[in-house]
1. Looking at (1) out of contact with any Phe, Trp or Tyr (no Cβ under 9 Å at 6 or more places or on another chain); (2) free of Cβ contacts under 8 Å to residues at least 40 places away in the same chain; (3) under 17 Å from MET19 (Cβ atoms), which is the only condition ASN35 fails?
2. Has the range 81-95 got at least one residue that is crowded, with 16+ Cβ neighbours inside 10 Å, part of a helix (DSSP H, G or I) and either modelled with pLDDT under 90 or touching a Pro at 6+ places or on another chain (Cβ under 9 Å) (or both)?
3. How about the range 2-65: which helices (runs of 4 or more DSSP H) wholly inside it have at least 2 residues that are under 22 Å from MET115 (Cα atoms) and of a type in the set (A, V, I, L, M, F, W, C)?
4. Within the range 108-128, identify whether any single residue is closer than 18 Å to SER4 by Cβ and at pLDDT 90 or above, and answer yes or no.
5. Tell me which residues, restricted to the range 66-77, are under 15 Å from ILE127 (Cα atoms) and either touching a Pro at 6+ places or on another chain (Cβ under 7 Å) or modelled with pLDDT under 95 (or both).
6. Suppose the filter is touching a Phe, Trp or Tyr at 6+ places or on another chain (Cβ under 7 Å), surrounded by 13 or more Cβ atoms within 10 Å (Cβ to Cβ), under 18 Å from PRO132 (Cβ atoms) and not polar (S, T, N, Q); does PHE70 pass it?
Amino acid sequence: MNNSLQKTIVAGIVGTAIMTVVMYLAPLMGLPEMNAAAMLSGMTGLPLAFGWAMHFMIGIVFALSYTFLFLSNVKINNLIIKGALFGFAAFVAAQIAMVMMSVVMGPMPAPAGGMMLMMIGSIIGHIMYGIPVALIAKPQQ
């Protein structure tokens, strides 16, 4: 396995772990509770462990899209800004995926605390995912 791929996988795992911590801290910031693993397992009807595995696999897939699509096509030198922009793009992609999944699997339950606060929390979480991905998956100097 080449170094770029290894760094990208690590970036996806670290970014997802940081995003998960932000999700668990969200109620302390006045935002609704967010548990992506529980949501994924609930939508699929599979055990929570599957939801966790799926959550981290999605994080790795998004990190791969950063390395192989976003990195070379977005001409921003500041990795923090580039990572934040990537995190926002991942948020948009996640929202599109959620809409598509709700068409197939039925409507999602309404979030506790309201949709606007949930969206704000999700944007923060995805930006906090994107920044470490950009910092870890950066190209070799």
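The values are calculated or read from the model by the stated rules, or taken from the named source; none is laboratory data. Computed from a predicted structure; not experimentally measured. We place every Cβ from the backbone using ideal geometry, glycine too, and count neighbours over all the protein chains shown.
1. Going through the list (1) out of contact with any Phe, Trp or Tyr (no Cβ under 9 Å at 6 or more places or on another chain); (2) free of Cβ contacts under 8 Å to residues at least 40 places away in the same chain; (3) under 17 Å from MET19 (Cβ atoms), ASN35 breaks only (1).
2. Yes - at least one qualifying residue is present in the range 81-95.
3. Details: elements: 3-25, 36-44, 48-65.
It comes to 3-25, 36-44.
4. no
5. Restricting attention to the range 66-77, the residues satisfying the condition of being under 15 Å from ILE127 (Cα atoms) are 66, 70.
Correct list: PHE70 only.
6. Numbers: touching a Phe, Trp or Tyr at 6+ places or on another chain (Cβ under 7 Å): yes; surrounded by 13 or more Cβ atoms within 10 Å (Cβ to Cβ): yes; under 18 Å from PRO132 (Cβ atoms): yes; not polar (S, T, N, Q): yes.
Yes.
Residue-wise test of (1) surrounded by 18 or more Cβ atoms within 10 Å (Cβ to Cβ); (2) out of contact with any His (no Cβ under 9 Å at 6 or more places or on another chain); (3) among the charged types (D, E, K, R).
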{"site": "THR16", "(1), (2), (3)": "yes, no, no"}
{"site": "LEU25", "(1), (2), (3)": "no, yes, no"}
{"site": "LEU40", "(1), (2), (3)": "yes, no, no"}
{"site": "LEU48", "(1), (2), (3)": "no, yes, no"}
{"site": "ALA53", "(1), (2), (3)": "no, yes, no"}
{"site": "ALA63", "(1), (2), (3)": "yes, yes, no"}
{"site": "SER122", "(1), (2), (3)": "yes, yes, no"}
{"site": "GLY125", "(1), (2), (3)": "yes, yes, no"}
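Rundown of residues vs (1) among the aliphatic types (A, V, I, L, M); (2) within 13 Å of the chain's Cα centre (by Cα), yes/no style:
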| position | (1), (2) |
| --- | --- |
| ALA26 | yes, no |
| THR44 | no, no |
| PHE56 | no, yes |
| LYS75 | no, no |
